[in-house]
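The values are calculated or read from the model by the stated rules, or taken from the named source; none is laboratory data. Being a predicted model, the structure only gives us computed values, none of them experimental. As a convention, Cβ positions derive from the backbone with ideal geometry for all residues, glycine included, and neighbour counts pool all protein chains shown. Note: accessible area is taken over every heavy atom of the protein model, side chains too, but ligands, DNA and RNA are not part of it. Shrake-Rupley method; radii C 1.70, N 1.55, O 1.52, S 1.80 Å.
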Amino acid sequence: EAGVAQSPRYKIIEKRQSVAFWCNPISGHATLYWYQQILGQGPKLLIQFQNNGVVDDSQLPKDRFSAERLKGVDSTLKIQPAKLEDSAVYLCASSFLQLNTEAFFGQGTRLTVV
Amino acid sequence: ELKVEQNPLFLSMQEGKNYTIYCNYSTTSDRLYWYRQDPGKSLESLFVLLSNGAVKQEGRLMASLDTKARLSTLHITAAVHDLSATYFCATPQGGSEKLVFGKGTKLTVNP
């Protein structure tokens, strides 16, 4: 079974530039999550989708971050403009719709803002 | 607001020894997840604990959940070098699937 696919794996940008990350979840997984993992910390949820609707985006900095999941499959996360503190690994995860199901994580995109 | 605390944050141990990692959480939850993360890699699911008193074992790792004490433990038996990694616990914020993670325990097993 194919896992969660993310691209790119690495990205280096200058502050105030924009960047986009892409995620393809496991086939059949209705729920998709974007997490931000700052070095030395646990992942923090940015946004959760159920099919193509947003379930939770309470911790998404909406002045600079945006995400969409058109057609309820692939998702993109965008940062515009980037700040130094956005340097982190951005992890995408997916799970089945039912409660109590575990989430499967992609390899992540390591973003460095200089 | 749900807080998840792990201790220790760093653990260096000798091969063959036993040790326990603790995960405390601040509000009621009936589920607890343990993940493993190798350097530069993603999170790998280890255990899903779904009820009070749940105990699961896989190889040299055993996880348990006490929902009344809001405590989960990850016990390592006779550690081997391959277990070196960072271990995270996570539990969902009340009534949602939003996982809140601890800061992680970086385990180093020395030969």
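The table for this structure:
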item: Residue count, segment B:65-77 (criterion: open to solvent by 10 Å² or more (accessible area, probe 1.4 Å) and within 19 Å of B:Lys103 (Cα to Cα)); result: 4
item: Conditions (1) within 14 Å of chain B (Cβ to nearest Cβ); (2) touching a residue at least 12 places away in the same chain (Cβ under 8 Å); (3) of a type in the set (Gly, Ala, Ser); (4) buried (at least 16 other Cβ atoms within 10 Å of the Cβ): number failed by A:Ala67; result: (1)
item: Top-ranked residue in segment A:70-100 [being farther than 21 Å from A:Val19 by Cβ and aliphatic (A, V, I, L, M); ranked as least open to solvent (accessible area, probe 1.4 Å)]; result: A:Val73
item: Residues of segment B:87-99 that turn out to be in contact (Cβ under 8 Å) with a residue 12 or more places away in the chain, within 8 Å of chain A (Cβ to nearest Cβ) and more than 11 Å from the chain's Cα centre (by Cα), as a count; result: 1
item: Some residue of segment B:78-96 being touching a Leu at 6+ places or on another chain (Cβ under 9 Å), open to solvent by 50 Å² or more (accessible area, probe 1.4 Å) and over 23 Å from A:Gly3 (Cα atoms); result: yes
item: Which numbered condition B:Lys103 misses (of (1) in a loop (DSSP other than H, G, I, E, B); (2) basic (Lys, Arg); (3) more than 11 Å from the chain's Cα centre (by Cα)); result: (3)
item: Unmet requirement for A:Ala103, which otherwise passes all of (1) under 14 Å from A:Phe21 (Cα atoms); (2) buried (at least 20 other Cβ atoms within 10 Å of the Cβ); result: (1)
item: Residue list for segment A:21-31, restricted to those being surrounded by 19 or more Cβ atoms within 10 Å (Cβ to Cβ) and assigned to a strand (DSSP E or B); result: A:Phe21, A:Cys23, A:Thr31
item: Contacts under 9 angstrom Cβ, first residue in segment A:1-27 being basic (Lys, Arg), partner open to solvent by 70 Å² or more (accessible area, probe 1.4 Å) and in a strand (DSSP E or B), 6 or more apart; result: A:Arg9/A:Arg110; A:Lys11/A:Arg110
item: Residue under evaluation A:Asp74, criteria (1) among the acidic types (Asp, Glu); (2) farther than 25 Å from B:Lys103 by Cβ; (3) within 11 Å of chain B (Cβ to nearest Cβ), criterion not met; result: (3)
item: Segment A:32-64 - residue that is open to solvent by 50 Å² or more (accessible area, probe 1.4 Å) and within 10 Å of chain B (Cβ to nearest Cβ) and, of those, farthest from A:Gln6 (Cα to Cα); result: A:Ser58
item: All positions within segment B:82-101 that are of a type in the set (A, V, I, L, M, F, W, C) and touching a Pro at 6+ places or on another chain (Cβ under 7 Å); result: B:Leu99, B:Phe101
item: First in segment B:68-86 and touching a residue at least 12 places away in the same chain (Cβ under 8 Å), second anywhere and surrounded by 16 or more Cβ atoms within 10 Å (Cβ to Cβ) and assigned to a helix (DSSP H, G or I), Cβ under 7 Å, 6 or more apart; result: B:Ile76/B:Leu83
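To keep it simple, each residue is scored yes or no on (1) touching a strand residue (DSSP E or B) at 6+ places or on another chain (Cβ under 8 Å); (2) at pLDDT 95 or above; (3) under 17 Å from A:Ser75 (Cα atoms).
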| site | (1), (2), (3) |
| --- | --- |
| A:Ser7 | yes, yes, yes |
| A:Arg16 | no, yes, no |
| A:Asn24 | yes, yes, yes |
| A:His29 | yes, no, yes |
| A:Trp34 | yes, yes, yes |
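Every residue, every condition in (1) crowded, with 16+ Cβ neighbours inside 10 Å; (2) within 10 Å of the chain's Cα centre (by Cα), yes or no:
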| position | (1), (2) |
| --- | --- |
| B:Gln37 | yes, no |
| B:Lys41 | no, no |
| B:Phe47 | yes, yes |
| B:Leu50 | no, no |
| B:Glu58 | no, no |
| B:Ala63 | yes, yes |
